[in-house]
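Contents: one structure, followed by commentary.
The values are calculated or read from the model by the stated rules, or taken from the named source; none is laboratory data. Predicted, not measured: the structure shown is a model, and the values here were computed from it. We place every Cβ from the backbone using ideal geometry, glycine too, and count neighbours over all the protein chains shown. All accessible areas refer to the heavy atoms of the entire protein, side chains included, with ligands and DNA or RNA removed. Shrake-Rupley method; radii C 1.70, N 1.55, O 1.52, S 1.80 Å.
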Amino acid sequence: MSPYATKVLAFDLDGTLTQHKSPLSPEYRELLCRLGEKYTLLMVGAGSCVRIFKQMRRFPIEIIGNYGMQYAVVKEEASHPRIVLERDNRAEVDKALAVRRADELRRELGYTSYMGDTIEIHESGMLTFPILGTAAPIQDKLSYDPDRSKRRAVYDRVVDKFPEYKVYVGGSSSFDIVPHPYAKLYALDLFCRERGLSHEEIWYFGDDYGIGGNDEDVFLSDVPFQCVDDYRTIPEYLKQFL
């Protein structure tokens, strides 16, 4: 693929531009500033737009959040960027059923030792099934399954337990459980329709492109895709766009 037709550079965040749950570095902020002079910059995230905005240290960028349930722009006003949420879709959740399914999974898979809640139910209607629990220390989460092999081994079991959702191997030790039809490719399709763009005009950067990964559907599509296996290497991939 040639970068010359590219109009939009689209990024996953955790593992692609930053370490998981870590803020954007000053060096990468400067790099994005330079890229923003030539391209539209777009975050395509699994988390909420506000969470991404904060993790990006208020960097002025367009943000797709919650797999397309949210869309926001960051506006710079008097040197104080603020986030403007332009779309915020939500889905109804049967909370008792979600908790019961999570408890059943824990018994079936042996995930009975955990800290905090058994499942996280977000205002959006998305769910997070945290294997170590919602209150586990961040270092425990980061070290639990860095290559995602443990979660991929049981991925089909989680999918079967939540048939009316899309399930992703999310974060560092959890599963994202997302209402249909929301997904990163769905979000990009909607973005393209609204902007009159083709897939060939977007270049996507993501790290989670394996089985069950939240970038997998984009990776398997016709959107130009750069695999980022270590967020520290992304400047090498971006050189061609500067």
Query raised in the report: Taking the Cβ-Cβ separation of residue 79 and residue 115 as r and a Förster radius of 35 Å, what is the calculated FRET efficiency to the nearest 0.05?
Result: 0.30
Query raised in the report: Taking the Cα atoms only, what angle lies between the long axis of helix 26-36 and the longest principal axis of the chain, rounded to 10 degrees?
Result: 60
**Report entry** Rg [Å, one decimal], Dmax [Å, integer] - the chain, C-alpha atoms
**Finding:** 17.8, 55
Query raised in the report: How many nm separate the modelled label positions at residue 156 and residue 139, each set 7 Å beyond the Cα in the direction of the Cβ?
Result: 3.7
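Could you tell me the relative contact order of the chain? Use alpha-carbon pairs under 8 Å, at least six residues apart, and round to a whole percent.
Numbers: 429 pairs, mean separation 51.1, N = 242.
About 21 percent, as a whole number.
So for 192, 227, 33, what's the accessible-area order with a 1.4 Å probe, most first?
Numbers: 192 10, 227 35, 33 60 Å².
If we order 192, 227, 33 from most to least accessible, we get 33, 227, 192.
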**Report entry** Over region 52-179, equivalent-ellipsoid semi-axes from the Cα gyration tensor in Å
**Finding:** 30, 18, 12
Query raised in the report: Taking amide H positions as placed 1.01 Å from N in the peptide plane, with prolines and chain starts having none, which residues 5 or more places from residue 175, or on another chain, fall under 5 Å of its amide H?
Result: 129, 131, 170
**Report entry** Inter-label distance, nm, simple model (7 Å from Cα along the C-beta direction), residue 87/residue 30
**Finding:** 3.5
Query raised in the report: Using unit Cβ charges (K, R positive; D, E negative) and no other charged atoms, how large, in debye to the nearest 20, is the dipole of region 76-145 about its Cα centre?
Result: 240
Query raised in the report: Which percent of the accessible heavy-atom area of region 76-206 goes to carbon and sulfur, probe 1.4 angstrom?
Result: 47
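Calculate the dipole size of region 71-210 relative to its Cα centre from +1 charges on Lys and Arg beta carbons and -1 charges on Asp and Glu beta carbons; express the result in debye to the nearest 20.
On the way: 20 positive and 25 negative charges, 64 e Å.
Approximately 300 debye in magnitude.
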Requested in this report: Mind pulling the angle between the C-alpha long axis of helix 184-195 and the longest principal axis of the chain? Nearest 10 degrees, somewhere in 0 to 90.
Outcome: 30
Report summary line: In whole Hz, the Karplus estimates of ³J(HN,Hα) for region 66-72 (6.51, -1.76, 1.60; θ = phi - 60°; x where Gly or Pro) are 6, 6, x, 5, 10, 9, 9
Requested in this report: Ignoring everything but the protein chains, give the 1.4 Å probe accessible area of residue 77 in square angstrom, nearest 10.
Outcome: 80
Requested in this report: Enter the Cα centre distance for the pair region 45-114 and region 125-181, rounded to the nearest angstrom.
Outcome: 14
**Report entry** Helix 95-109 vs. the chain, principal-axis angle (Cα, 0 to 90°, nearest 10)
**Finding:** 70
